[in-house]
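One structure is given below, encoded as structure tokens.
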Amino acid sequence: MKGEYDHFMLKEIFEQPDSLLNSMRGRIELSASSVFSHVPTEEIADGTGGPGKKTTPKQVRFNVPSFPRGLDKPRIVLGGLSEHLNTMNRSRRLMFVGCGTSFHAAVAARGFIEEMAEIPVDLQLASDLMDRQCPIFREDTCIFLSQSGETADTLQALRYAKARGALCVGVTNTVGSAIARETDCGVYIHCGAEIGVASTKAYTSQIVVLTMIALAMAANKNDKAARSEEVINALVSLPEIVRKALQLDKHIQSLAKELYEEQSLLVFGRGYNYSTSLEAALKVKELAYMHSEGINAGEMKHGPLALIDSNLPVIVVCTKTDAVYPKMVSVIEQLRARQARLIVLCTEDDEELISQKDKFASLIIVPSSVDILQPVVNIVPLQLLSYHLTVLREFDVDQPRNLAKSVTVT
Ligand code: F6R
């Protein structure tokens with residue numbers, strides 16, 4: 001049921017604080033001393049400050065009922081993988097396979113998986129893997145991402161990898177789906193039923209689950225303990241941060257009014273947020289039927305810069321939590337030098353960019369998380385943008401033309 005919402009997509013976007021929590025429930029054990037540095041001040045459900053009381057974000061300590069405490073160090077418990085983590089850690093390559101939004105989730109998580117697992121990570125579009133008959137070996141671990149668990153291209157790639165002896169892991173939302181049944185092991189994302197054809201809450205839950213898989217793989221590495229603790233604490237805070245990002249809805253609706261008659265929209269990102277640019281552009285094109293391209297900003301000078309003029313709207317994802325932030329600031333400067341119509345997405349602690357507000361066509365200011373989880377926060381206003389553009393252009397939000405929720409043919 002859509003309840004108070006006009007469309008399932010909007011409901012599913014707004015459900016994300018809960019769907020993210022459900023993806024993590026029962027899978028995170030906190031240390032007795034966990035301290036949360038990414039919790040917004042106003043809305044702490046059960047904190048030392050109590051609801052509504054101002055607390056200092058850097059020192060917040062709060063109990064989340066879903067996450068038991070007690071160990072020396074926090075840890076991730078993924079029952080479906082526990083017997084296979086050793087094999088995964090010994091594999092010669094981790095190959096992530098998916099289509100569309102599911103593939104983008106793998107793009108988002110790749111850097112963190114490489115960092116934690118220290119194993120080469122390969123990303124494959126399922127259809128392309130099959131077109132190339134990509135070599136796969138017994139020493140590989142192949143991880144199949146699919147919200148529906150029924151996507152024909154992904155299923156075909158799974159059968160192909162299985163026949164070659166690779167360990168096959170499923171990351172799906174649909175219990176008992178073909179991919180869940182045919183993989184050797186897996187993790188459900190548990191984000192709840194997704195009805196809107198465009199995937200929203202499944203995308204953010206997929207990133208969270210891939211992050212947890214990377215953490216589980218690094219559980220026995222002492223040199224990763226501090227980083228793991230930082231990311232686990234940020235996971236716990238994430239639902240509240242996403243709730244805060246959702247408050248941008250009115251601002252995004254006004255931005256959509258400025259953009260809905262445009263023919264094209266570019267989205268630049270790099271590092272962790274290359275995925276954000278791909279995913280935002282996919283949502284805009286599939287729902288609003290507006291041409292949109294997600295571009296890796298590192299490639300800007302190798303072609304896309306030729307498109308830039310003062311009319312074409314360009315969204316630049318430039319969040320400070322990312323190691324590539326200085327490079328993105330430089331991208332903004334180069335685009336500004338060409339009079340680009342810039343919509344900048346930055347974090348709320350970014351005084352430098354916020355002070356330049358008047359120089360941009362628009363500014364989207366989001367709360368901060370940790371680098372690997374920032375794409376989860378950043379996509380929220382861009383999901384909302386695609387939604388409002390579609391409503392203003394008077395297209396069917398929940399059932400875009402020519403698309404199906406489960407693509408069961410290749
Ligand atoms: C985009 C979208 C599609 C799916 C793709 C894979 O919003 O929904 O790109 O992500 O068809 O579907 P699953 O994840 O079910 O395999």
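The values are calculated or read from the model by the stated rules, or taken from the named source; none is laboratory data. Just so it is clear, the structure is predicted and the values come from calculations on it, not from any experiment. Ideal geometry is used to build each Cβ from the backbone, glycine not excepted, and the neighbour counts take in all protein chains shown. Keep in mind that these areas ignore ligands, DNA and RNA; they rest on the heavy atoms of the full protein, side chains included. Shrake-Rupley method; radii C 1.70, N 1.55, O 1.52, S 1.80 Å.
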* Of the residues that make up the stretch 332-353, is at least one among the hydrophobic types (A, V, I, L, M, F, W, C) and in contact with a Gly (Cβ under 7 Å, 6 or more places away or on another chain)? -> no
* Structure fact -> Requiring at least 2 residues that are within 16 Å of the ligand (Cβ to nearest atom), the helices (runs of 4 or more DSSP H) wholly within the stretch 312-410 are 374-392
* Asked: Can you name the residue in the stretch 135-146 that is more than 16 Å from the ligand (Cβ to nearest atom) and under 24 Å from I207 (Cβ atoms) and is also surrounded by the most Cβ atoms within 10 Å (Cβ to Cβ) among such residues?
  -> T141
* Of the residues in the stretch 292-311, how many are part of a helix (DSSP H, G or I) and either open to solvent by less than 20 Å² (accessible area, probe 1.4 Å) or among the acidic types (D, E) (or both)? -> 3
* To do: List every residue pair whose Cβ atoms sit under 6 Å apart, with the two residues 6 or more apart in sequence or on different chains, where the first one lies in the stretch 89-105 and is near the ligand (Cβ under 8 Å from one of its atoms) and the second, anywhere, is part of a loop (DSSP other than H, G, I, E, B) and open to solvent by 20 Å² or more (accessible area, probe 1.4 Å).
  => C99/T151
* Asked: Does L353 satisfy being out of contact with any strand residue (DSSP E or B) (no Cβ under 6 Å at 6 or more places or on another chain) and either open to solvent by less than 30 Å² (accessible area, probe 1.4 Å) or touching a residue at least 60 places away in the same chain (Cβ under 8 Å) (or both)?
  -> no
* Scanning the stretch 217-237 for residues that are assigned to a loop (DSSP other than H, G, I, E, B) and out of contact with any helix residue (DSSP H, G or I) (no Cβ under 7 Å at 6 or more places or on another chain), which turns out surrounded by the most Cβ atoms within 10 Å (Cβ to Cβ)? -> A219
* Asked: Restricting attention to the stretch 173-216, and to residues there that are of a type in the set (G, A, S) and in a loop (DSSP other than H, G, I, E, B), which single residue is farthest from the chain's Cα centre (by Cα)?
  -> G176
* Residues located in the stretch 181-197, provided they are at pLDDT 95 or above and within 12 Å of the ligand (Cβ to nearest atom) -> I189, C191
* To do: State which residue pairs qualify: first residue on the phi > 0 side of the Ramachandran plot and inside the stretch 259-281, second residue of a type in the set (D, E, K, R) and outside any strand (DSSP E or B) in any location, beta carbons under 7 Å apart, and separation of 6 or more residues or different chains.
  => G271/D322
* To do: Answer yes if at least one residue in the stretch 257-279 is more than 15 Å from L345 (Cβ to Cβ) and among the polar types (S, T, N, Q), and no otherwise.
  => yes
* Asked: surrounded by 14 or more Cβ atoms within 10 Å (Cβ to Cβ), touching a Gly at 6+ places or on another chain (Cβ under 6 Å) and at pLDDT below 95 - does that describe any residue in the stretch 388-398?
  -> yes
* Can you name the residue in the stretch 259-291 that is part of a helix (DSSP H, G or I) and more than 16 Å from the ligand (Cβ to nearest atom) and is also farthest from D398 (Cα to Cα) among such residues? -> G271
* Asked: Counting just the residues of the stretch 66-91 that are over 26 Å from the mean Cα position of the chain (by Cα) and under 13 Å from D140 (Cα atoms), which one comes out most open to solvent (accessible area, probe 1.4 Å)?
  -> R90
* **Matching residues in the stretch 317-347 - criterion: being among the polar types (S, T, N, Q), open to solvent by 10 Å² or more (accessible area, probe 1.4 Å) and either under 12 Å from Q374 (Cα atoms) or in contact (Cβ under 8 Å) with a residue 24 or more places away in the chain (or both)** => T321, Q334, Q339
* **Check on A234, within 16 Å of the ligand (Cβ to nearest atom), closer than 17 Å to P375 by Cβ and not β-branched (V, I, T)** => no
* **Only listed residue being buried (at least 24 other Cβ atoms within 10 Å of the Cβ) and at positive phi, chosen from G149, G170, G176, G192** => G149
* Asked: Within the stretch 112-122, can one find any residue that is among the aromatic types (F, W, Y), away from the ligand (no atom under 12 Å from the Cβ) and under 21 Å from C191 (Cα atoms)?
  -> no
